[in-house]
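Input: a single structure, listed below in structure tokens.
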């Protein structure tokens with residue numbers, strides 16, 4: 001699997017440039033995408049986190065870190081963006097005893113391992129791995145950071161349906177005297193790992209650099225490091241609030257995995 005090490009600095013710099021904009025947009029409660037698709041399924045896969053030590057990877061402005069703290073977890077959260085961490089700290093006054101924030105590059109294996117061998121019951125990464133140029137260091141480090149049988153729950157854009165160059169469109173058809181609209185996806189590549197640019201939030205200052213990896217490439221790395229896959233979810237929205245526009249109701253925009261460290 002390509003590791004895209006040559007894009008590490010560019011990826012980090014782009015997130016730093018977008019950090020304030022993303023924090024202002026996401027706020028304290030996050031957006032509908034995270035509230036409906038990411039948070040509930042991630043919480044289910046994590047299970048009971050009360051009194052557990054949780055590592056939040058690529059935590060952004062700490063939105064999910066604060067949710068974990070509400071659920072009774074002790075959280076260590078990190079992000080490569082200084083601005084994101086500064087914003088996260090400002091938003092976390094009520095959780096000062098439950099969350100520790102750090103600025104760490106997820107491609108820095110030594111910095112990750114220094115967080116403590118067998119220190120965490122679980123790790124989580126919400127929509128983060130597809131933003132990291134080289135995921136080998138963080139996957140490798142997790143085999144040391146997690147306790148025996150510890151879980152790693154992570155979500156990414158669904159690589160089968162949100163491929164580089166993918167196009168979304170809506171078609172209409174007459175069916176039984178009614179006009180029926182269907183959402184469709186057109187894609188022409190999937191297997192090859194690729195770095196590409198995209199827009200996570202409309203009007204953000206600069207494009208985000210994403211890293212597309214097929215399911216087989218992503219999971220092969222995890223299996224090689226000793227993880228086993230024991231659960232996954234492919235959530236989609238329940239209804240379309242804007243008829244006639246593209247809808248993610250029967251095509252999952254994200255996929256969420258739970259990996260277990262072998263005891």
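Read-outs throughout are calculated quantities, based only on the coordinates presented, and are distinct from any laboratory measurement. Source: prediction; values computed, not measured. Don't worry about glycine lacking a Cβ; one is built from the backbone with ideal geometry, like all the others, and counts go over all protein chains shown.
For this structure, a couple of remarks:
- Sequence of 71, 145, 46 once ranked by neighbouring C-beta atoms within 10 Å, starting from the fewest: 71, 46, 145
- Gyration tensor verdict on region 162-205 (Cα atoms; rounded if a/c is under 1.5, prolate if a/b is larger than b/c, oblate otherwise): oblate
- Summarising the label geometry, the points placed 7 Å from Cα in the beta-carbon direction at residue 29 and residue 173 lie 3.9 nm from one another.
- Neighbour-count order for 184, 59, 160, 222, fewest beta carbons within 10 angstrom listed first: 184, 160, 222, 59
- Residue-span extension gain [residue 262 to residue 136] - 0.36 nm each, minus C-alpha spacing: 43.6 nm
- FRET efficiency estimate (nearest 0.05) - Cβ-Cβ, residue 143 to residue 239, R0 35 angstrom: 0.30
- Paramagnetic label reach from residue 201 (point 7 Å along Cα→Cβ; backbone nitrogen cut-off under 20 Å): within region 43-64, residues 57-64.
- Cα gyration tensor, the chain - rounded (a/c under 1.5), prolate or oblate: prolate
- Length gained when the stretch residue 7-residue 228 is fully extended (0.36 nm per residue, less Cα-Cα span): 76.7 nm
- Order of 212, 98, 196, 158 - criterion: other Cβ atoms within 10 Å of each residue's Cβ, fewest first: 196, 98, 158, 212
- Using the Cβ-Cβ distance between residue 44 and residue 190 with R0 = 30 Å, the FRET efficiency computed as 1/(1 + (r/R0)^6) comes to roughly 0.60.
- Rounded to the nearest 10 degrees, the inclination of helix 215-224 to the longest alpha-carbon principal axis of the chain is 20 degrees.
- Taking the longest Cα principal axis of the chain as reference, the axis of helix 8-26 is set at about 70 degrees.
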